[in-house]
Amino acid sequence: MRKEYLTVENIVGPLMLVEDVRGVAYAEIAEILMPDGSVRHGQVLEVHEDKALVQVFEGTSGLTPGAARVKFLGKGLQIGLSPDIVGRMFDGFGRTIDGGPPVIPERYADVNGVPINPEARDYPTEFIQTGISTIDVLNTLVRGQKLPIFSAAGLPHPRLAAQIARQARVLKTGEQFAVVFAAMGITFEESDFFMREFEKTGALERAVLFINLANDPPIERIAVPKLALTAAEYLAYELGMHILVILTDMTNYCEALREISAARKEVPSRRGYPGYLYTDLSMIYERAGRIKGRGGSITQMPILSMPEDDKTHPIPDLTGYITEGQILLSRPLFNEGIYPPVDVLPSLSRLKDRGTGEGKTREDHAGVMNQLYAAYARGRSAKEIAVVLGESALSETDRLYVQFSGRFEREFIAQGEGENREIAAALDLGWRLLGMLPKGELKRIKEAYIEKYYPGA
Amino acid sequence: MNERKARGEIVKVSGPLVVARGLGDTRMYEMVRVGEMGLYGEVIEIRGDRFSIQVYEETGGIGPGQPVSPTGAPLTVDLGPGLIASIFDGVQRPLDRLKAEYGDFVVRGADAPSIDRGRKWHFTPRRKRGDRVAAGDILGVIPETPVIEHRVMVPPGWEGTIASIAEGDYAVEEPVAVIGTAGGERPLTLLVKWPVRTPRPVARRLAPVEPLVTGQRVLDTLFPIVKGGTACVPGPFGSGKTVVQHQLAKWADADLIVYVGCGERGNEMTEVLIEFPELADPRSGRPLIERTVLVANTSNMPVAAREASVFTGITMAEYYRDMGYSVALMADSTSRWAEAMREMSGRLEEMPGEEGFPAYLASRLASFYERAGRSVCLGSDGREGSLSVIGAVSPPGGDLSEPVVQATLRVVKVFWGLDDKLAGQRHFPAINWLSSYSLYGDAVDRTCGEKVNRYWAKNRQEAMAILKREAELEELVRLVGMDALSAQDRLLLEAAKMIREDFLHQNAYDPVDTYTSLPKQFRILRLILGFYHWAYGAIAAGAELDEILRLPVRDEISRAKGVPEEEVEALDRLAERARAAVEGLKPSGERS
């Protein structure tokens, strides 16, 4: 029988200080028995002699020093795992909330995970076709990658993420695929949108959902990505499934982290976020990957909203330093009615070079990608000059580039929400647009491919 | 390590920081074993009887009352044959052997000797019995890899007469020689230990002069680094820091590379592990891994070990420098290292400096970079070694005014500023030619003027002048439009564009373009500048600019960087063709 403490001393924000404890360890989980018989959970953030600082997942409202009984469980936060978790829905503490029976676990796993030995990692090279040209051609996603969507309030990131989850496939068949979906502090409507999307395509039966809505306790959000990734690791590395993890919205997660940091009176770094935000985020994002000799993979697609559309805000900034690229959504494009409004120039996939080319996509892929980028960048800057000085100030070639970039936005970037463009078709479309430019302008493509693919060649 | 009796007790645990009491005479920076699991930690603060310890592994499950025991030694690394081609974590645990013993994940408490204790190495003596030797003298050699000869040195502080020495196969802990010193006979093993926070001594330091050739055109030609120099590569995410670092690790003409992945992506280290055994060193033709030591403390590995990783790396680098090699160390990224310091400092409740970084940030960074240099090594043969350090910096939001960049710029001599805009235009390496600088330019001009071509410096200066003028003209074009420019100015803009696109732009993933030798760099740039001069002359003689720009030979110039190294002479013939084509456009009376 574990000891119960009645010695809650201070309560500050989401934290409480328990005194006169013995044998309590760092990161241990505590159960808090409320006077009305309900149970809350907490985790030890710091132990100092006989004092334990506990963060309460469900929040501290209604807690009174002296009235709550605290029991330390002698273990860290764990999740029960079994193949039956597929198709189920859990809350931010890992309890089922879909009305079904509880999952009977085969085993428990610590949610913090253990870093993959770099020596054991397998480099991601398998091309994932999402059917979205701005991703497939320009920012190629590969299995085991972590590629976030940088979005902002009012932009259609849920639609894009759902379309990717619906269309993503590897040019091989017969593999087990599942989605792990972690919602942190999003609205009911947004979560409901994803549910309906998954349901429509039958993905719900092969999805594991962890839901913490905007009105759920914010501190619970801290555990959600860790629970989700522990489930994903189990499915990928033990059951050999290919997992796409969607984490939305990471901004809410970081804000919960900041709340705890502020309550602990830690020295803040940028914008009040704790100095360890980078380390904390990397413990989440680095759990994507593949392991040599194991069948499965974890591909991560975190979604975050940039406050004030600002890419240099600490959350997108630190995320970009950890993830292998980013898909940036653009408000001006969205306002022009272009879906998906992917801002091509600052978007990037770092692993594209290993996932593209002959045998994976097509031999001319790299050249087409670089040329489209360069041409679009030139068209855009020429357009800016034209805005100031008028179209007449442009050279003939620059005018061609302006036309090119306009068509590129309307025909290449834009596509229907239900449109699943095959990679070959997308590359051909790229060539049709590049055909607007004289051959001599195509400096980023090998001559042999220009001969082969240039329209009319 | 001699275990002492003192046994402390944990009083506080807060993340990677553990406070203990009762550790008696344990010293600053001494290693201790923490908790029932015996996790390694290092003492970083002592206040009376309270010892603050940074722990190199996750501290979940550790609590007050658990034991702490000192090891009696500071954080040291193993030095000896077997380091090359290995991959270590931040405290020099060998990741390949950890994988073999503990599986695919780095679990807590995992431990294995850094250097394989069982492997035998063939030792050939270079000195004989009765020779008088002092610190740094080479006693014998071991073929560590086909490209690196491991030189077994008399450790710093030793002096005496060789009592015995013999050729044979030895494991690293077996003595290969016995030295009779003033303090008695001391056996000398291949394995030596060295505390990571103490620089290894040299006889004398020298000013660095010889260029470190990287094969990257923008670096070698415009902003060169020298053997023994220091450089930093700051840039926002996505600007290509890691690709630059990888390119340097692949192609820099150092004898040995130490690559420290400090708080960065796991997949990037995997990429190195996959590529380096396959890629051949352009000079020796052997796999690059045979001259590479890897330290990988990825961002999700414990933060305290990240703090130690750069010291672990540089100590190994110094060890090979002491043998007389030119060593280059890449640290990616020093910002993550600084952040690890900030995290520990915050947990120690120290008074913060700028942006929460500790007040000693600048001095720590300086003491790290200052371990670079060209020096005369210890030992009677007066051999020279060099250690170049190239640190990536990841400033938040790409803001170069932040403390880590600013503190770094005060100590490094070369600044390769990566630019978000260039990266957005897919101009790689996205090194901004207007803001970057190298303080080694003069030294390199002298050397390259002798070794490559006497016009090396002139070429470089002219290219820089054109690029600077381009920036000014672009301002003007933005205001008044292209039409307002003279034909000469428009030609200059075209020349600048050629320099940017046909020379500075370099594709790291193209098998030919990824590396360019100095003679080829010189030829391409001379070709472009030549074209500019001839065209300038032709315009003065009445030729039309637009006709010059339409010349098909320009396409050939733009593909000059794709000419294989063996065929560089083709570039001279191309220059002749270009000249003839341009001159052919002069109005007939003017042709020479």
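The values are calculated or read from the model by the stated rules, or taken from the named source; none is laboratory data. Source: prediction; values computed, not measured. Positions of Cβ are backbone-derived with ideal geometry, glycine not excepted, and every protein chain shown enters the neighbour counts. Keep in mind that these areas ignore ligands, DNA and RNA; they rest on the heavy atoms of the full protein, side chains included. Shrake-Rupley method; radii C 1.70, N 1.55, O 1.52, S 1.80 Å.
Worth a mention:
- If you check A:Arg290, A:Arg270 for being over 19 Å from the mean Cα position of the chain (by Cα) and open to solvent by 30 Å² or more (accessible area, probe 1.4 Å), only one passes: A:Arg270.
- Pick from the stretch B:474-504, criterion in contact with a helix residue (DSSP H, G or I) (Cβ under 8 Å, 6 or more places away or on another chain) and outside any helix (DSSP H, G or I), ranking: modelled with the highest pLDDT: B:Leu485
- B:Leu273 meets the stated requirement of being aliphatic (A, V, I, L, M) and over 25 Å from B:Arg523 (Cβ atoms).
- Meets criteria (more than 29 Å from A:Ala152 (Cα to Cα) and without any contact (Cβ under 8 Å) to a residue 24 or more places away in the chain) for A:Glu363: no
- Output for the stretch B:536-553, where each listed residue is in a helix (DSSP H, G or I) and farther than 15 Å from B:Glu576 by Cβ: B:Tyr536, B:Gly537, B:Ala538, B:Ile539, B:Ala540, B:Leu545, B:Asp546, B:Glu547, B:Ile548, B:Leu549
- Residue in the stretch B:58-65 that is free of Cβ contacts under 8 Å to residues at least 60 places away in the same chain and away from every other protein chain (no Cβ under 14 Å) present: no
- Top-ranked residue in the stretch A:333-364 [being modelled with pLDDT of 95 or more and assigned to a helix (DSSP H, G or I); ranked as surrounded by the fewest Cβ atoms within 10 Å (Cβ to Cβ)]: A:Asn335
Condition check ((1) touching a Phe, Trp or Tyr at 6+ places or on another chain (Cβ under 7 Å); (2) touching a residue at least 40 places away in the same chain (Cβ under 8 Å); (3) on the phi < 0 side of the Ramachandran plot) across all residues:
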site	(1), (2), (3)
B:Ser114	yes, no, yes
B:Arg119	no, yes, yes
B:Arg126	no, no, yes
B:Ala134	no, yes, yes
B:Pro143	no, no, yes
B:Val147	no, yes, yes
B:Met153	no, yes, yes
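- A:Gly296, sole failed condition from (1) open to solvent by less than 10 Å² (accessible area, probe 1.4 Å); (2) closer than 17 Å to A:Met184 by Cβ: (2)
- Taking the conditions (1) facing another protein chain (nearest Cβ under 9 Å); (2) touching a strand residue (DSSP E or B) at 6+ places or on another chain (Cβ under 9 Å); (3) surrounded by fewer than 21 Cβ atoms within 10 Å (Cβ to Cβ) in turn, B:Gly130 satisfies each one other than (1).
- Matching option when the condition is touching a Ser or Thr at 6+ places or on another chain (Cβ under 8 Å), open to solvent by less than 20 Å² (accessible area, probe 1.4 Å) and either at pLDDT 95 or above or not in a helix (DSSP H, G or I) (or both), among B:Ile466, B:Ile390: B:Ile390
- Listing of helices (runs of 4 or more DSSP H) fully contained in the stretch A:150-258 that carry 3 or more residues being open to solvent by 30 Å² or more (accessible area, probe 1.4 Å): A:188-200
- Members of the stretch B:88-127 that are part of a strand (DSSP E or B), hydrophobic (A, V, I, L, M, F, W, C) and within 14 Å of another protein chain (Cβ to nearest Cβ): B:Phe88, B:Phe105
- Residue that is nearest to the other protein chains (Cβ to nearest Cβ) [pool: residues in the stretch A:401-457 that are of a type in the set (Asp, Glu) and over 22 Å from A:Thr140 (Cα atoms)]: A:Glu447
- Selection within the stretch B:306-338 - among the acidic types (Asp, Glu) and either surrounded by fewer than 22 Cβ atoms within 10 Å (Cβ to Cβ) or under 18 Å from B:Leu409 (Cβ atoms) (or both): B:Asp332
- Residue in the stretch B:469-481 that is nearest to the other protein chains (Cβ to nearest Cβ), counting only those that are open to solvent by 40 Å² or more (accessible area, probe 1.4 Å) and within 18 Å of B:Trp433 (Cα to Cα): B:Glu474
- Qualifying residue in the stretch B:484-496 (condition: under 31 Å from the mean Cα position of the chain (by Cα), within 14 Å of another protein chain (Cβ to nearest Cβ) and in contact (Cβ under 8 Å) with a residue 40 or more places away in the chain): no
- Within the stretch A:7-23, residues that are basic (Lys, Arg) have Cβ atoms under 8 Å from residues that are modelled with pLDDT under 90 in these pairs: A:Arg22/A:Lys3, counting only partners at least 6 apart in sequence or on another chain.
- Per-region count, the stretch B:214-238, residues open to solvent by 20 Å² or more (accessible area, probe 1.4 Å) and either among the β-branched types (Val, Ile, Thr) or within 14 Å of chain A (Cβ to nearest Cβ) (or both): 0
- Residue count for the stretch A:314-328, restricted to those that are open to solvent by less than 10 Å² (accessible area, probe 1.4 Å) and either more than 7 Å from chain B (Cβ to nearest Cβ) or not in a helix (DSSP H, G or I) (or both): 8
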